[in-house]
Amino acid sequence: MSAVSLHPFETLTPQRVVEAVESLGFWLPGEPFALNSYENRVYSLTDDDRRRWVVKFYRPERWSDEQILEEHAFLQALAAASVAVGAPWESAEGNTLHHFEGFRFALFAHVVGQAPELENPSHLFALGELIGRVHEIGARQPFRHRLRLDLNVMVDESRRRVLEARWLDARQRRLYGQVIDALVPLLAEHAWPESALQRVHGDCHLGNMLGRDERFSLVDFDDCLMAPAVQDLWMLLTAQSPGEWQMQLSEIIEGYEMTREFDRRQLDWIETLRTLRLIRHSAWVTARWEDPAFPRAFPYVAESGYWDQHIRDLEQQRVALDSPRWLA
């Protein structure tokens, strides 16, 4: 295979990673260790002073420089307010976004710890308090360059990408189109107004929360955007029974409201957000298939059974949107 046909990330060898970081004035005595990341390429490394770092190489052509710098400015504002986040390293010249041989990258101090336990009330309270502090800063001004959680645009874009995928047969394309058409008006009934949008993390799952002893940090703001506050809360609600779900919700909101009030009307948008995430995930994988990491990580997406199950999952969301779980 010629270098021209390689995906850009395939040329990001350990040596190039080291050379990129050392171009900032660091010296790395060892090799970088690749961390679990698909959208970007992320590595853990240690410098000669035994300081541990995480370096993130941004996916080419995904974000503009202005969008990345808005992510960094948000993180710097949070860090300045003593909110526990992974903020970017800044050079003596004041730069947080760096360039090396066509790649854009940023360096972050390594955050130690483990993922929280979502069945642990004290962990849920601590996470709610952390996210509340993030949102208190986030509400002070809007993003100007980053995405807005626009339901219609995101559903339409995802539908187009999936229907262009080569793996669906004629029956699946028909059924997928039908279920999306049926979901659109239901999603519109449970959609957020423009006035509810503010700066949020955008991808608050367990992999982006690290800590110990009920002290957690929020990392990887790569998907930060303008969205309703509940976007950063609903993925913490994992319970499968009404009582446990209400316990989780109560602890999260109690922690959140140590800093700012949570508008409980936003709970009506949870199933809309869950549905949107399901729709966007399949579209995301198909859109990234030319990156060799994706066929290796998601081989099942190329199988017919995956799309049958995806269509069934979307059908189940039609029911959930009609009768949101445990909100009565």
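The values are calculated or read from the model by the stated rules, or taken from the named source; none is laboratory data. No experiment lies behind these values; they were computed from the predicted model shown. Heads up, the Cβs are rebuilt from the backbone with ideal geometry, glycines too, and the neighbour counts pull from every protein chain shown.
Of everything in the stretch 227-257, what is outside any helix (DSSP H, G or I) and under 12 Å from His135 (Cβ atoms)? Give them in sequence order.
Taking the stretch 227-257 as the starting set, the residues that turn out to be outside any helix (DSSP H, G or I) are 227-228, 233, 237-241, 257.
Within the stretch 227-257, Ala227, Pro228, Leu233, Glu257 qualify.
Within the stretch 274-286, is there a residue that is over 20 Å from the mean Cα position of the chain (by Cα), more than 23 Å from Leu186 (Cα to Cα) and either not charged (D, E, K, R) or not in a strand (DSSP E or B) (or both)? Give the derivation first.
Filtering the stretch 274-286 down to residues over 20 Å from the mean Cα position of the chain (by Cα) leaves none.
Within the stretch 274-286, none of the residues are over 20 Å from the mean Cα position of the chain (by Cα), more than 23 Å from Leu186 (Cα to Cα) and either not charged (D, E, K, R) or not in a strand (DSSP E or B) (or both).
Determine whether Trp307 is assigned to a helix (DSSP H, G or I) and of a type in the set (Phe, Trp, Tyr).
Details: assigned to a helix (DSSP H, G or I): yes; of a type in the set (Phe, Trp, Tyr): yes.
Yes; evaluated as a whole, the condition is true for this residue.
Please determine, by comparing only the residues of the stretch 105-130 that are buried (at least 17 other Cβ atoms within 10 Å of the Cβ) and not hydrophobic (A, V, I, L, M, F, W, C), which one is nearest to Gly207 (Cα to Cα).
The extreme case among them is Pro116.
Restricting attention to the stretch 43-61, and to residues there that are in contact with a strand residue (DSSP E or B) (Cβ under 6 Å, 6 or more places away or on another chain) and surrounded by fewer than 20 Cβ atoms within 10 Å (Cβ to Cβ), which single residue is farthest from Phe108 (Cα to Cα)? Lay out the reasoning, then the answer.
Start the filter on the stretch 43-61 by keeping residues that are in contact with a strand residue (DSSP E or B) (Cβ under 6 Å, 6 or more places away or on another chain), which leaves 43-46, 52-58.
After this cut, where a residue has to be surrounded by fewer than 20 Cβ atoms within 10 Å (Cβ to Cβ) as well, the list is 44, 46, 52-53.
Numbers: Ser44: 10, Thr46: 12, Arg52: 9, Trp53: 6 Å.
Applying the filter and picking the extreme gives Thr46.
Checking Met154 against (1) touching a residue at least 40 places away in the same chain (Cβ under 8 Å); (2) touching a Phe, Trp or Tyr at 6+ places or on another chain (Cβ under 9 Å): exactly one of these is not met. Which one?
Only one criterion is unmet by Met154, namely (2).
Cβ-Cβ under 6 Å, sequence separation 6+ or interchain: first residue in the stretch 306-317 and within 12 Å of Ser282 (Cα to Cα) and touching a residue at least 12 places away in the same chain (Cβ under 8 Å), partner small (Gly, Ala, Ser) and in a helix (DSSP H, G or I). Which pairs?
Sorted first by the residue in the stretch 306-317, then by its partner, the pairs are His310/Ser282.
Report yes if some residue within the stretch 34-52 is out of contact with any helix residue (DSSP H, G or I) (no Cβ under 6 Å at 6 or more places or on another chain) and among the aromatic types (Phe, Trp, Tyr); otherwise report no. Walk me through how you get there before you give the answer.
Keep residues of the stretch 34-52 that are out of contact with any helix residue (DSSP H, G or I) (no Cβ under 6 Å at 6 or more places or on another chain), which gives 34-37, 39-40, 42, 44-52.
Within this subset, residues satisfying the condition of being among the aromatic types (Phe, Trp, Tyr) are none.
The answer is no; no qualifying residue exists.
Could you tell me whether the stretch 256-275 includes any residue that is modelled with pLDDT of 95 or more, within 22 Å of Val83 (Cα to Cα) and buried (at least 20 other Cβ atoms within 10 Å of the Cβ)?
yes
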